[in-house]
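The next block holds one structure in the form of structure tokens; read it before the comments.
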Amino acid sequence: MRLPLDGKKALVIGARRTGAAAARYLARQGAVVRLSDKATAGFEDEQARLQDAPIEWCLGREDAELLRDIELVVPSPGVPRLHPLLVGAMTREISIQAEIELAFRALSAPVYAVTGTNGKSTTTELLGRMLERSGRSVFAGGNLGSPLVEAVGRPIDAAVVEISSFQLEWVEEFRPAVGVFLNLTADHLDRYASFDDYGEAKAALFRAQTAEDFAVLSREDPWVWSLRERLHGRVISFGFDTVEYGTFPRDGTIVVRLPDGMARGREITLSMAKTQLRGIHNLENVMAAATAALLAGATPAAVQAAIDEFPGLPHRLEMVRQKDGVAYVDDSKGTNVGAVAKSLASIPASVILLAGGVDKGGSYEPLRKLVRERVKRLILFGEAREAIRTALGAETDTVVVASLEEAVAKAAEVARAGDTVLLSPACSSFDMFRDYADRGERFRALVEAL
């Protein structure tokens, strides 16, 4: 339902990509917008894009005076629930809406949403391509790229969005026609009180669904699969075991069995012979995307074409270079332990692993067996290097360095033909880099300069 925004006094907290997009949308709808950020500099791009919008910029401020006369608060995803301005808004009973909630209420096209700890971007991009191949006009974005609010007013008939737990913290009516929950592993425990608290934040994806909607769940993840008993949407699953209804692999293919009345209501077989995606985790991503696409009305031929053509995403097990028989692989998007585990499991032994960055509050213990069995040398950098060495250093030959530059140089010194030098940090990047993409690009430049 579209909210009347004309004349409404709104505060947007966080002036980076999502916050700036939300502020621009609100201003175009006639709202009186105040845009705040605790930082004082580095907003040149955002200010240039918003220079013609009637927005009050409040940089370097987080004081309660920002809430004066405000009727709506839109926090950026990076703003924690206990931020003083959000606590103040709740105390004053001011409406708080996530950017995706704001967008959903204004969209006429159906929304297809993907969440999970790992694999969201690949699954979202693949799902979007499957629908595009079916002739749909698709907006693909969310946490993946362009904020969902930028889809409002575009001539689209489908919005495919990657959704993080942060984005789901302030939703009420957000209701994807098809929602996908891929997996749940320990992540963002610096923000959430517990693993279950983190999972429940993601499960909000399904909160507003009805029996008209679909929930696509992984049978391989116990926490995700346990949701099936309490969802309102129709559940269809994916996993490795053969089931009467659901999606599973068989002899180099993917089989999708949908019950009568659920999309196409028959068995559909899709070949994996031409896919460029590596690893068991990507097989799960393809199963999830294909299931969601068919439920959303994609044709089997279009789904197959997208599987065959999709090259994968940058910084996710991306081959950078082969040099002297050594493979250099960029997995900079592996920002948590679960992602690194899946990456190591998909690469033969003899890995030189480059890891480190900003610790996210979880345990590195789940990597011990994989490091012991597959990693010939562990090279650690960044703020978390000592914490990782404490957890994993005894499992293999371990070196601590001061920078990514030194890590790549050390790896090149010891690498031999048949080895894989893998950047898969298990940490966020903000101690040394703008984001994981910046870290990945720096790794590529260093490798190409060898």
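The values are calculated or read from the model by the stated rules, or taken from the named source; none is laboratory data. What you are looking at is a predicted structure, and each value in this text was computed from that prediction instead of being measured. When we count neighbours, we look across all protein chains shown, and the Cβ atoms used for this are built from the backbone with ideal geometry, even at glycine. Accessible surface is based on the protein model in full, side chains and every heavy atom, while ligands, DNA and RNA are left aside. Shrake-Rupley method; radii C 1.70, N 1.55, O 1.52, S 1.80 Å.
Residue-by-condition table, conditions (1) touching a strand residue (DSSP E or B) at 6+ places or on another chain (Cβ under 7 Å); (2) surrounded by fewer than 24 Cβ atoms within 10 Å (Cβ to Cβ):
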residue	(1), (2)
Thr117	no, no
Thr124	yes, no
Leu131	yes, no
Gly153	no, yes
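Quick test for you: out of Ser164, Ser108, pick the one residue that is touching a residue at least 12 places away in the same chain (Cβ under 8 Å) and not in a strand (DSSP E or B).
Details: Ser108 fails: touching a residue at least 12 places away in the same chain (Cβ under 8 Å).
On inspection, the qualifying residue turns out to be Ser164.
Considering only the stretch 256-344, give the strands (runs of 3 or more DSSP E) lying wholly within it that have at least 3 residues that are at negative phi, in contact with a strand residue (DSSP E or B) (Cβ under 9 Å, 6 or more places away or on another chain) and open to solvent by less than 20 Å² (accessible area, probe 1.4 Å). Break it down into steps so the answer makes sense when it comes.
Numbers: elements: 267-271, 318-323, 326-330.
The qualifying strands (runs of 3 or more DSSP E) are 326-330.
Any chance you could count how many residues in the stretch 193-220 are surrounded by fewer than 21 Cβ atoms within 10 Å (Cβ to Cβ) and either charged (D, E, K, R) or in a loop (DSSP other than H, G, I, E, B) (or both)?
Looking only at that region, the number is 14.
For the stretch 221-238, how many residues are open to solvent by less than 20 Å² (accessible area, probe 1.4 Å) and of a type in the set (Ser, Thr, Tyr)?
1
Residue by residue through the stretch 407-443, note down the ones that are assigned to a helix (DSSP H, G or I), open to solvent by 50 Å² or more (accessible area, probe 1.4 Å) and more than 23 Å from Leu367 (Cα to Cα).
Initial filter on the stretch 407-443 (assigned to a helix (DSSP H, G or I)): 407-414, 436-443.
From what's left, open to solvent by 50 Å² or more (accessible area, probe 1.4 Å): 410, 413, 436, 441-442.
Listed by number, the residues that qualify are Glu413, Glu441, Arg442.
If I go through the stretch 395-406 residue by residue, how many of them are of a type outside the set (Asp, Glu) and either touching a residue at least 40 places away in the same chain (Cβ under 8 Å) or not in a loop (DSSP other than H, G, I, E, B) (or both)?
Residues of the stretch 395-406 of a type outside the set (Asp, Glu): 396, 398-404.
Those still in the list that are either touching a residue at least 40 places away in the same chain (Cβ under 8 Å) or not in a loop (DSSP other than H, G, I, E, B) (or both) too: 398-400, 404.
Qualifying residue count for the region: 4.
Each row is one residue, and each column tells you yes or no for (1) in a helix (DSSP H, G or I); (2) in contact with a Phe, Trp or Tyr (Cβ under 7 Å, 6 or more places away or on another chain); (3) hydroxyl-bearing (Ser, Thr, Tyr).
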{"site": "Ala103", "(1), (2), (3)": "yes, no, no"}
{"site": "Asn118", "(1), (2), (3)": "no, no, no"}
{"site": "Ser121", "(1), (2), (3)": "yes, no, yes"}
{"site": "Met130", "(1), (2), (3)": "yes, no, no"}
{"site": "Gly135", "(1), (2), (3)": "no, no, no"}
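So Gly362 passes all but one of these: (1) more than 24 Å from Ala327 (Cα to Cα); (2) at pLDDT 95 or above. Which condition number does it fail?
(2)
Can you tell me which residue within the stretch 68-77, out of those that are open to solvent by 60 Å² or more (accessible area, probe 1.4 Å) and in contact (Cβ under 8 Å) with a residue 24 or more places away in the chain, is nearest to Asp197 (Cα to Cα)?
First, the residues of the stretch 68-77 that are open to solvent by 60 Å² or more (accessible area, probe 1.4 Å): 68-69, 71.
Narrowing further to those that are in contact (Cβ under 8 Å) with a residue 24 or more places away in the chain: 69, 71.
Numbers: Asp69: 33, Glu71: 28 Å.
Among them, the one singled out is Glu71.
Would you mind finding the one in Thr420, Thr390 that is within 24 Å of Glu318 (Cα to Cα), polar (S, T, N, Q) and either modelled with pLDDT of 95 or more or in contact with a helix residue (DSSP H, G or I) (Cβ under 6 Å, 6 or more places away or on another chain) (or both)? It would help to see each step written out before you state the result.
Values: Thr390 fails: within 24 Å of Glu318 (Cα to Cα).
Answer to the selection: Thr420.
Does any residue of the stretch 238-245 turn out to be of a type in the set (A, V, I, L, M) and within 19 Å of the chain's Cα centre (by Cα)? If you could, list the steps in order and put the result at the bottom.
The first filter runs over the stretch 238-245 and keeps only residues of a type in the set (A, V, I, L, M), leaving 243.
Checking the rest, the ones that are also within 19 Å of the chain's Cα centre (by Cα) come to none.
The answer is no; no qualifying residue exists.
Hey, any hits in the stretch 178-191 for a residue that's modelled with pLDDT under 95, within 19 Å of the chain's Cα centre (by Cα) and of a type in the set (S, T, N, Q)?
yes
How many of the residues in the stretch 33-60 are open to solvent by less than 80 Å² (accessible area, probe 1.4 Å) and outside any strand (DSSP E or B)? Spell out the reasoning first.
Initially, the stretch 33-60 is screened for residues open to solvent by less than 80 Å² (accessible area, probe 1.4 Å), giving 33-37, 39, 41-43, 46-48, 50, 53, 55, 57-60.
If we keep only those that are outside any strand (DSSP E or B) as well, we get 39, 41-43, 46-48, 50, 53, 60.
Total meeting the criteria: 10.
Report, by residue number, each residue of the stretch 364-406 that is open to solvent by 10 Å² or more (accessible area, probe 1.4 Å) and among the aromatic types (Phe, Trp, Tyr).
Tyr364
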